[in-house]
1. Quick one: count up the residues across segment 129-145 that are charged (D, E, K, R) and without any contact (Cβ under 8 Å) to a residue 60 or more places away in the chain.
2. Can you find, within segment 98-133, the residue that is nearest to the chain's Cα centre (by Cα) among those that are hydroxyl-bearing (Ser, Thr, Tyr) and assigned to a loop (DSSP other than H, G, I, E, B)?
3. Quick check, is residue 56 modelled with pLDDT under 85, of a type outside the set (Asp, Glu) and touching a Phe, Trp or Tyr at 6+ places or on another chain (Cβ under 9 Å)?
4. Filter segment 134-188 for residues that are part of a helix (DSSP H, G or I) and surrounded by 15 or more Cβ atoms within 10 Å (Cβ to Cβ) and give the result.
5. Checking the condition small (Gly, Ala, Ser) and surrounded by 13 or more Cβ atoms within 10 Å (Cβ to Cβ), which residue from 113, 107 passes?
6. Any residue in segment 10-39 that is at negative phi and modelled with pLDDT of 85 or more sitting within a Cβ distance under 6 Å of a residue that is part of a loop (DSSP other than H, G, I, E, B) and β-branched (Val, Ile, Thr)? List the pairs, counting only those 6 or more apart or interchain.
Amino acid sequence: MRLRWVGDSRDYVKWDCVFEKADGRLVFYVPMLRTKVDRDCRHAKVQEHFDKRKNLRQFEELFPGRFIVFDTEYSKEFADKYFHSVTEKLKEPRSRGVLVFIDPDTGIEPKSGANNEHLRIKDLRLVWASLLKGDKLVVYQHAPRTENWKQNLITRVAEILQVKTVPEPYSNEGIAKDVCFLVLEKFEL
């Protein structure tokens, strides 16, 4: 996730979803944050000007006393270490269930392979395996350029995580037609 996207129309849908699905759980936000200068921004000083004003901890106001952001820099080269640290953090004692929100730039790794914008399949499996009964996982997914993309996503995630059913993804096409959010609850260990 890049800071330049904080506050866009997708954030309304994103945080509506997390707010609705949290149900009193601790919200553990995993933004897969990438802060290096964007090659599309011609002047690093311009990017720094805007990025320094954006704070991912601002979302704590929606979840007072029950929000953690994992704001470690993400890159595919260090993804194993990054997600190992995420799962170690999830092992810490807690008094309530957790909702883990993973927020990559574009979503789950496509069949063609992952880059920095994707959540790798092996990392999705790792986080899912670390959840306890009653915990929830929310994953951001941008629409690929294919028909029936939501149904294809449901089928694919059911296969990846070897779960019987994957609920219809959360979306709000009135605000953002090109995104949805997988919301999975761990029912068994």
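1. The total comes to 2.
2. Residue satisfying both the conditions and the ranking: 106.
3. So residue 56 fits the description; yes.
4. At the first step, the residues of segment 134-188 found to be part of a helix (DSSP H, G or I) are 149-161.
If the condition is that a residue be part of a helix (DSSP H, G or I) and surrounded by 15 or more Cβ atoms within 10 Å (Cβ to Cβ), then 149, 153, 154, 156, 157, 160, 161 are the ones that fit.
5. That would be 107, the only listed residue that is small (Gly, Ala, Ser) and surrounded by 13 or more Cβ atoms within 10 Å (Cβ to Cβ).
6. Matching pairs, first to second residue: 12/175; 13/175.
The values are calculated or read from the model by the stated rules, or taken from the named source; none is laboratory data. Worth saying up front: this structure is predicted, and the values here are computed from it rather than measured. Here Cβ is always computed from backbone atoms with ideal geometry, including for glycine, and neighbour counts include all displayed protein chains.
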